[in-house]
Amino acid sequence: MSSSVNYLTLLLDLEQIEKNIFRGQSRDFGTSQVFGGQVLGQALAAASRTVQGRVVHSLHAYFLKRGDMQAPIVYEVDRARDGGSFSNRRVIAIQHGEQIFNMTASFQVPEFGLEHQVAMPAVPKPDSLKSVETLAREFTGELPLRMQRFLHWDQPFEMRPVDPEQFLVGESRAPAKLLWIKTSERLPADSFLHQAVLACISDFELIGTATLPHGLHATRDHLQLASLDHAMWFHRPARVDEWLLFALDSPAASGGRGLARGYVFTEDGQLVATLAQEGLIRVRPAA
């Protein structure tokens, strides 16, 4: 296992410091502050450590304050309810004595029921597409500084966009994005780990979809983006070390905020998760 993938799993293997209290560290995800997806994944990992025989089916979270990458994050889990089929957990993330994030997650005993799903979009298979890193090396224009920083980060994930120009060119486009993502190496079979990593990945490209109609790019210096809230529904088990298609769109932006949604499919077309996020979008004057 590569150092970056190994470090990702260690980030989600939280230290238990008391019953229902866990501590996690941070790493550089190519951003200038603690990556929201890391906190989301760690909070889900903390909640999962207090549940047995049940799997997460939904979570709803709020990002309250920017995290300090140099300080550990403490996660306090409230065992709100354990019913016959469902368990509910509330998680608070704390740094320097203040809440920076909170989340509610619901877990269910696996059971059979009615099934239907939306169809996966018709897209090229990931093996026929180029990675973001390859596209950036071949790009003849000047990459935004934040994109350069992201690409120089030792990444545990591989991303292959269906439309490469959405990641490299600042032109007005429809608010929709399709990309394949998986971890760069195989992970242990632990289902809780795969759910936590999926939560982490889910914060990568969502809110940036809301900037596409405006010809703006999430990695340009004059654009301030921040996740405000995040919701996920887990429909079926999935491995994040196998290709997953993220089909994202943004129905609206107003008031300095943008809303984005997404479906996550396996390569054979199974819908495994649905995502939603509202984020802050501010255009700042160029320096």
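Readers should treat all values here as calculations from the given coordinates under stated rules, not as data from a laboratory. Not measured: the values here are computed from a predicted model. Glycine also receives a Cβ, built like all others from the backbone with ideal geometry; neighbour counts cover every protein chain displayed.
Rank-order 77-83, 20-26 by packing density, defined as the average count of other C-beta atoms within 10 Å over each peptide's residues, highest first. Write down the numbers at each step before the final one.
Values: 77-83: 13.7, 20-26: 18.4.
Ranked from most to least packed, the peptides come out as 20-26, 77-83.
Let me know the charge dipole size of the range 47-116 about its Cα centre in debye, to the nearest 20, where only the beta-carbon of Lys, Arg (+1) and Asp, Glu (-1) is charged.
Details: 8 positive and 7 negative charges, 20 e Å.
Computed about the Cα centre, the dipole is about 100 debye.
Which of the aspartates and glutamates could be linked to K65 by a straight reach, that is with a Cα gap under 18 Å, when you skip same-chain ones fewer than 8 residues away?
The reachable aspartates and glutamates, counting only those whose Cα sits under 18 Å from K65, are D28, E76, E98, D203, D229, E278.
If you place +1 on the Cβ of every Lys and Arg and -1 on the Cβ of every Asp and Glu, how big does the dipole about the Cα centre of the range 1-117 come out, in debye to the nearest 20?
On the way: 11 positive and 11 negative charges, 28 e Å.
So the magnitude is around 140 debye.
Taking Cα atoms, how many degrees apart are the long axis of helix 3-12 and the longest axis of the chain, rounded to 10 and kept between 0 and 90?
The angle comes out near 40 degrees.
List the lysines whose Cα sits under 22 Å from the Cα of K177, skipping any in the same chain fewer than 8 residues away.
Filter leaves K125, K130.
Quote the relative contact order of the chain in percent (integer), defining contacts as alpha-carbon pairs under 8 Å separated by 6+ residues.
For the chain, the relative contact order is 18 percent.
Over the chain, with a single point scatterer placed on each C-alpha, what log10 of the ratio I(q)/I(0) does the Debye formula yield at q = 0.07, 0.10 1/Å?
-0.24, -0.51
For the Cα atoms of the chain, what angle does the longest principal axis make with the long axis of helix 191-201, in degrees from 0 to 90, nearest 10?
30 degrees
Sort 131-138, 35-42 by packing, meaning the average of other beta carbons within 10 Å per residue, with the highest value first. If you can, show how the numbers build up before the last one.
On the way: 131-138: 15.0, 35-42: 25.4.
Most protected by this proxy first, the peptides run 35-42, 131-138.
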